[in-house]
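Below you'll find the structure, written out as structure tokens, and then a few comments.
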Amino acid sequence: MSHGLAQISTDKPCTCGVNSPLMNSSPSSLKYSELTDKIIGVFYDVYNELGHGFLESTYAGAMAVALEEAGLIVTREVPVSVWFRNKKIGQYFADLIVDGIVLLELKAARNLERAHDAQLLHYLRATEVEVGLILNFGLRPQFRRLLFDNDRKNIRENPRESVAKVSA
């Protein structure tokens, strides 16, 4: 059963064998895979040029420049509002949005943690953007790709509706 939420951790080497079920899944079937592949390539270019040790804001500036040079449209510090009972109760800022469809959350941490995943998922949940990447400029480059389908976000419209009932 699909829950509309998928995480692909690709910062670790693949230990799958030739006959592994993972070999049968095509990466091109992922939503916006061509764009996310391009973004990840730019991420590695920036990491290789700057290395680790800078602040996230430095990497955000470098990523914006490099992504624009790659022909992509980049928006920095995008406001993400949180609503509750038709009232705005909070506002956060997403680091970058690429081509209006992929949200990037940049980190300069030793390692990626589950809290970073949660932060990106909250941003995806609060926006119409469905695909996000966490890019970590730590001691070693890491990234994660997360998906939160807009169909799953509709649960917010009727909070009393059971998640199990809606997904059936």
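The values are calculated or read from the model by the stated rules, or taken from the named source; none is laboratory data. As the structure is a computational prediction, the values presented were derived from the model and not from experiment. As a convention, Cβ positions derive from the backbone with ideal geometry for all residues, glycine included, and neighbour counts pool all protein chains shown.
General remarks:
- With respect to the conditions (1) in a strand (DSSP E or B); (2) β-branched (V, I, T); (3) more than 18 Å from A118 (Cα to Cα), T58 falls short on a single one, namely (1).
- Members of segment 129-143 found to be in a loop (DSSP other than H, G, I, E, B), in contact with a Lys or Arg (Cβ under 9 Å, 6 or more places away or on another chain) and closer than 18 Å to D37 by Cβ, listed by number: E130
- Summed over segment 96-148, the residues that are of a type in the set (D, E) and closer than 20 Å to N48 by Cα give a count of 1.
- Every condition in (1) within 23 Å of D149 (Cα to Cα); (2) without any contact (Cβ under 8 Å) to a residue 24 or more places away in the chain is met by V102 except one, and the failing one is (2).
- Condition broken by N86, with the remaining ones in (1) more than 26 Å from F54 (Cα to Cα); (2) in contact with a helix residue (DSSP H, G or I) (Cβ under 8 Å, 6 or more places away or on another chain) satisfied: (2)
- Among (1) over 25 Å from Y44 (Cβ atoms); (2) at pLDDT 90 or above, the one test that F84 misses: (2)
- Only one of the listed residues (A66, A6) is surrounded by 14 or more Cβ atoms within 10 Å (Cβ to Cβ) and either assigned to a loop (DSSP other than H, G, I, E, B) or modelled with pLDDT under 50 (or both). That residue is A6.
- When S33 is tested against the conditions (1) polar (S, T, N, Q); (2) closer than 24 Å to G138 by Cβ; (3) surrounded by 14 or more Cβ atoms within 10 Å (Cβ to Cβ), the lone failure is (2).
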